[in-house]
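Data block below; observations after.
The values are calculated or read from the model by the stated rules, or taken from the named source; none is laboratory data. This structure is a prediction, so every number in the text was calculated from the model and none was measured. With ideal geometry, Cβ positions are generated from the backbone for all residues, glycine too; neighbour counts draw on all protein chains shown. These accessible areas exclude ligands, DNA and RNA; they are computed on the full protein's heavy atoms, side chains included. Shrake-Rupley method; radii C 1.70, N 1.55, O 1.52, S 1.80 Å.
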Amino acid sequence: MNVAIIARLTVREAFRRKVILGVVLLSLAFIALYAIGFHLFRDNYLSLEARRSARTGAGPSPSYAVSASAMVLLGLYTVNFLTGIMTIFAAVGTVAGEIEAGTLDAIVPKPIGRWQIIVGKYLGFAVMLSAYIILMVCGVALTAHTAGHYAPPHLVHGTLLVILVSMILLSLTMLGSTLFSTMTNGIIVFMLYGVAVTGGLVEQLGTALNSDTMVKIGIGSSILLPSDSMWRLASYVVQPSLAISFIGPNPLGTTVPPSDRAVHYSIVYCLALVIGSVLVFQRRDL
Amino acid sequence: MSESVSQSPAVTIAMPASEPAIELRGLRKVFRNHVAVDNLTLSVDYGEVFGFLGPNGAGKTTSIKMLMGLVYPTSGDARLLGYKLGDQIARRQIGYLPELFRFHEWLTGNEFLDLHGRLYGMTSSERRKRIPDVLALVDLSAYAHKKIGTYSKGMQQRIGLAQALLNDPRLVFLDEPTSALDPLGRRDVRAILSRLRGEGVTVFLNSHLLSEVELSSDRVAIIDHGRVAATGRVDDLLSRDLRVEFRLGSLPADLLPELDKLVSVEQVVDGRHSIVTARAAGEEAIAAVVDLLARHNVPVYGVMPERRSLEDVFVDIVAPSREAGR
């Protein structure tokens, strides 16, 4: 019950502070631009294809699915990136900010466990972020379908993995918020996020160049923060195999998907960090 | 041993009887190398309004924060309403107004109280009934649907007070409850304290406004350097170590040593009248002196005890240790 009260308070705060309004308006702008872009891409592709057929007399090329898939990947990458940034910004001061402001002084003495405050806040953010991701992925998929006449495979699986990316970042940000001031937490989490993204890029380069060391660096960064590896798995599952082999290792995706063990590790990572947040908050003086 | 106590309208809570409402035994808090609270021991009975006084940095707010579960004691033991610190049953019956009252400014007064009512476990019908009552009590009914962010400092303190009284508590901690209030607001708070006392609510009051504590409290504790420097009933503290002036007819010299046994004679000025200035341990000592003088047929023209305020008592207790620390 108390967990639900705090979760509801967290969601209500996001609405009242017009966070949701801002995010919805900007996301609509993104989807509109993406739809225009996808439409223009298809028109250009079809006219190029028509000219090529007229010149060579060859039949329709199977590469449309590859290009359309790349467009979907670009859309989903943007959703994943925006959600990651939003997750960090939304949760960076959720505990530290309330301690600094003193608003928890009236909440903590109530008949509520400290763990319920942390879990309630986590669930509040998790519900909002998951809803946002689902809506945005639907927006991308609908655009691909209507403007591009293309349906990406395994979209549900991919969406769940993007949600997992967001939960990883949320867990890390929550833990940081129980340990550090808002500013320190923001700097630390963004740096780790940067390390994870860079580590993922290094791993892709290592795969392309057959460099074990570079791949190991990427794996190391995935252990530190598995957000990027889960994104790469998401990108892998939403592309047809033809597109994966055609595009090869690239900054947005991967040709070597992280294993199930990596997914399990990410889930345990989230749970461990939430438990860590509870334990830290349970013990600290306010 | 426990009895059943009806608390807020629909909440019936089992609670231990025959224990003080607040009992602190050797409570201590050390922040790194700084001892904020050192061996704090005191008890407050049910229904008392208890003033908790001390100079800045004496450890008052840290003590209250320990009792409210915001700060963990380094050592020592404390019980509230007979329960260990942090007990959820006790917390349902406790109200708290923090010193630095900062609330969620994006909530309206009504929503804020509804949130805290939910946290207290009050049902929706209890909240519907109780929220207008406490809003009226703190004179904020007209602002119930305005956001707290638009409230003045005084109004924010009032809504904080409403929050502290929302659950119809048996024990209330008020940390500087009038710091942002004007004289009218302070008078209102005194009226609320008086009403709480009438309802048998135990109030733990921390305030810098000593005149207010003097008017409102049954007993006080003065703490300094994290320890209890003095504690007792307000009247007893005020009448302790009284300076008193006796205007007498001629005082026989052999009576002076006897007088000195009852009060500490500081000065005797002989003139038309003998004026004896002395320090008395209490009002009883003054009465004994008058009795002695009457038995020896010494005319007593006047007995003038110096009227002391709680502030005088406070300064007498705290100033020496402050000066020693300089």
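Whenever a residue of region A:17-30 is within 13 Å of A:Ile85 (Cβ to Cβ), its partners that are modelled with pLDDT of 95 or more and open to solvent by 70 Å² or more (accessible area, probe 1.4 Å), lying with C-beta atoms within less than 8 angstrom and at least six residues away or across chains, give the pairs A:Ser27/A:Leu135. Selection within region B:141-157: residues that are within 17 Å of A:Ala106 (Cα to Cα) and within 14 Å of another protein chain (Cβ to nearest Cβ). The member of this set that is nearest to the chain's Cα centre (by Cα) is B:Gln157.
If you go through region B:142-156 one residue at a time, how many are outside any loop (DSSP other than H, G, I, E, B) and surrounded by 14 or more Cβ atoms within 10 Å (Cβ to Cβ)?
Applying the first criterion (outside any loop (DSSP other than H, G, I, E, B)) to region B:142-156 yields B:142-143, B:147-150, B:153-156.
Applying the additional criterion that residues be surrounded by 14 or more Cβ atoms within 10 Å (Cβ to Cβ) yields B:143, B:147-148, B:154-156.
Residues in region B:142-156 being outside any loop (DSSP other than H, G, I, E, B) and surrounded by 14 or more Cβ atoms within 10 Å (Cβ to Cβ): 6 in total.
Of A:Thr83, A:Thr87, A:Thr159, all but one fail to be open to solvent by 10 Å² or more (accessible area, probe 1.4 Å), hydroxyl-bearing (Ser, Thr, Tyr) and not in a loop (DSSP other than H, G, I, E, B); the exception is A:Thr159.
Please pick out the residue among B:Glu99, B:Glu105 that is among the charged types (D, E, K, R), within 15 Å of B:Val172 (Cβ to Cβ) and not in a helix (DSSP H, G or I). Before you say what the answer is, go through the steps one by one.
Details: B:Glu105 fails: within 15 Å of B:Val172 (Cβ to Cβ).
B:Glu99 is the lone residue from the list that is among the charged types (D, E, K, R), within 15 Å of B:Val172 (Cβ to Cβ) and not in a helix (DSSP H, G or I).
Name the strands (runs of 3 or more DSSP E) wholly within region B:24-82 that hold at least 3 residues that are farther than 30 Å from B:Gly198 by Cα and open to solvent by 20 Å² or more (accessible area, probe 1.4 Å)?
Numbers: elements: B:34-44, B:49-53, B:75-80.
Fully inside region B:24-82 and qualifying: B:34-44.
Restricting attention to region A:109-138, the residues that are hydroxyl-bearing (Ser, Thr, Tyr) and either within 15 Å of A:Cys270 (Cβ to Cβ) or within 14 Å of chain B (Cβ to nearest Cβ) (or both) add up to 2. Filtered by the rule that a residue be surrounded by 17 or more Cβ atoms within 10 Å (Cβ to Cβ) and in a loop (DSSP other than H, G, I, E, B), region A:258-271 gives a lone residue, A:Pro258. With respect to the conditions (1) more than 15 Å from B:Ile94 (Cβ to Cβ); (2) in a loop (DSSP other than H, G, I, E, B), B:Met122 falls short on a single one, namely (1). Output the residues belonging to region B:170-190 that are farther than 14 Å from B:Ala136 by Cα and either hydrophobic (A, V, I, L, M, F, W, C) or within 11 Å of chain A (Cβ to nearest Cβ) (or both). Within region B:170-190, B:Leu171, B:Val172, B:Phe173, B:Leu174, B:Asp175, B:Ala180, B:Leu181, B:Leu184 meet the criteria. Restricting attention to region B:225-238, does a residue exist that is aliphatic (A, V, I, L, M), touching a residue at least 24 places away in the same chain (Cβ under 8 Å) and under 30 Å from B:Leu166 (Cβ atoms)? Looking for residues that are aliphatic (A, V, I, L, M), touching a residue at least 24 places away in the same chain (Cβ under 8 Å) and under 30 Å from B:Leu166 (Cβ atoms), one finds at least one in region B:225-238, hence yes. Of the numbered criteria (1) within 13 Å of another protein chain (Cβ to nearest Cβ); (2) modelled with pLDDT of 95 or more; (3) under 16 Å from the mean Cα position of the chain (by Cα), the one B:Phe50 fails is (1). In the condition set (1) assigned to a helix (DSSP H, G or I); (2) over 21 Å from the mean Cα position of the chain (by Cα), B:Leu251 is compliant with all but (1). Taking residues in region B:60-76 that are within 7 Å of chain A (Cβ to nearest Cβ), and partners anywhere that are part of a loop (DSSP other than H, G, I, E, B) and of a type in the set (Val, Ile, Thr), the pairs with Cβ atoms closer than 8 Å and at least 6 places apart or on different chains are B:Met68/A:Val108; B:Gly69/A:Val108; B:Leu70/A:Val108.
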